[in-house]
Amino acid sequence: MSNEWLTIQSFQQSQDLLDAINTLSIHLKLQLSGLEDNESDLALKKAKDKLSIFLKNLENHLNLIQEIETKPLTGIDPRLRQLIRKFAAAKKKKRNFCSDLFRKSPSTVEKILHSNNPKDQKSLIESLAEIRKLLEEHINTDTRRIIGEI
């Protein structure tokens with residue numbers, strides 16, 4: 001597979017994940033405000049499922065990085081590997097990334113995806129906002145690689 005194709009694939013996957021984050025974040029914010037959300041239950045389930053899979057994979061890859069810190073992370077495409085490494089680096093930036101996703105683990109956040117507890121929902125919103133930051137940076141890199149500098 002060519003690098004250009006991998007970049008396009010990475011861009012699409014990141015956009016899909018960003019869409020799931022936005023869908024769930026809007027729903028949670030409306031719910032916490034006591035407002036009605038017109039998003040369908042199916043769309044919310046799909047968003048939660050997509051995020052759950054992402055968080056589980058992220059946890060697995062982070063564990064691999066810790067086990068083989070000095071060796072290359074193999075078996076995944078280079079763009080995903082770069083996102084995982086950025087996530088690991090962001091965990092060390094406690095001032096900029098302080099949600100449960102970065103203070104604790106992706107599995108902690110994955111466990112509260114289906115919680116109706118307002119405290120968990122606030123924590124989830126914070127975690128989603130911070131992963132959105134990393135994803136947007138990742139998407140910007142993909143965009144520059146696909147269409148070049150403007």
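The values are calculated or read from the model by the stated rules, or taken from the named source; none is laboratory data. Just so it is clear, the structure is predicted and the values come from calculations on it, not from any experiment. Note that we place each Cβ from the backbone using ideal geometry, even for glycine, and neighbour counts take in every protein chain shown.
The table below lists the values:
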| quantity | calculated |
| --- | --- |
| Residue in region 94-111 that is within 25 Å of SER10 (Cβ to Cβ), crowded, with 16+ Cβ neighbours inside 10 Å and in contact (Cβ under 8 Å) with a residue 60 or more places away in the chain present | no |
| Search result, residues across region 112-125 that are crowded, with 17+ Cβ neighbours inside 10 Å and either more than 19 Å from LEU44 (Cβ to Cβ) or small (Gly, Ala, Ser) (or both) | SER123 |
| Matching residues in region 37-52 - criterion: being modelled with pLDDT of 90 or more and touching a helix residue (DSSP H, G or I) at 6+ places or on another chain (Cβ under 9 Å) | ALA43, LEU44, LYS46, ALA47, LYS48, ASP49, LYS50, LEU51, SER52 |
| Matching residues in region 81-109 - criterion: being within 14 Å of the chain's Cα centre (by Cα) and charged (D, E, K, R) | ARG81, ARG85, LYS86, LYS91, ASP100 |
| Residue check, LEU73 touching a helix residue (DSSP H, G or I) at 6+ places or on another chain (Cβ under 6 Å), surrounded by 15 or more Cβ atoms within 10 Å (Cβ to Cβ), modelled with pLDDT of 85 or more and not charged (D, E, K, R) | no |
| Region 25-45, residues that are over 30 Å from ALA89 (Cβ atoms), of a type outside the set (A, V, I, L, M, F, W, C) and in contact (Cβ under 8 Å) with a residue 24 or more places away in the chain | GLN31 |
| Single residue of region 130-140 satisfying the filter (in contact (Cβ under 8 Å) with a residue 60 or more places away in the chain and out of contact with any Ser or Thr (no Cβ under 7 Å at 6 or more places or on another chain)) that is nearest to PHE87 (Cα to Cα) | ILE131 |
| Near pairs, Cβ below 6 angstrom, 6+ apart or cross-chain, from region 76-87 (free of Cβ contacts under 8 Å to residues at least 24 places away in the same chain) to any residue that is surrounded by 15 or more Cβ atoms within 10 Å (Cβ to Cβ) and not acidic (Asp, Glu) | ARG81/LEU73 |
